[in-house]
Amino acid sequence: MLKADMLPSVYIPKRTSMENKLLLRSRISLVRVRTQIKNKIH
């Protein structure tokens, strides 16, 4: 497929959307940690 140039092009997101995605992932992680701590305290 590579020789015949039949492979589709790969989507590469813009830098800002990648940064936003990383921020969202870190926020989700922090929220999970907060929830775990609250549950331990309870």
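Derivation of every value follows stated rules applied to the coordinates shown; laboratory data play no part. Everything numeric here is computed off the predicted structure, so don't read it as measured data. In this analysis, Cβ positions are derived from the backbone assuming ideal geometry, glycine residues included, and neighbour counts consider all displayed protein chains.
Of V33, P8, N20, which is farthest along the charge dipole of the chain in the positive direction, counting Lys and Arg as +1 and Asp and Glu as -1 at C-beta?
Comparing the listed Cα positions along the dipole, V33 ranks first.
Roughly how big is the chain's charge dipole about its Cα centre, with Cβ charges of +1 (Lys, Arg) and -1 (Asp, Glu), in debye to the nearest 20?
Dipole magnitude for the chain comes out near 380 debye.
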